[in-house]
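Below is one structure, written out as structure tokens; comments come after it.
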Amino acid sequence: MAKDRLKNVSVKIGTALGKADRKAHQVAQAGTMAKEELQEIAKQVDALKRQLQKTTKRLKKALS
């Protein structure tokens, strides 16, 4: 009787640890993906910034 209870408790603990570990991996993977996406967005913003600077320069040259 006691062995069965101990076994059941150990199974529940193992299951909970497995679920927590899986969730931790999912969160870590999501964080990595978000970081990559943020870097891509930063690159796009930099490109747009350079493009705006060039356009501004051309416009100033054309108006003067």
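What to note about this one:
- Filter pass, Asp21 being acidic (Asp, Glu) and at pLDDT 95 or above: yes
- Test for Lys54: is it modelled with pLDDT under 95, of a type in the set (Lys, Arg) and more than 18 Å from the chain's Cα centre (by Cα): no
The values are calculated or read from the model by the stated rules, or taken from the named source; none is laboratory data. Predicted model, so just to flag it, every value in this text is computed and none were measured.
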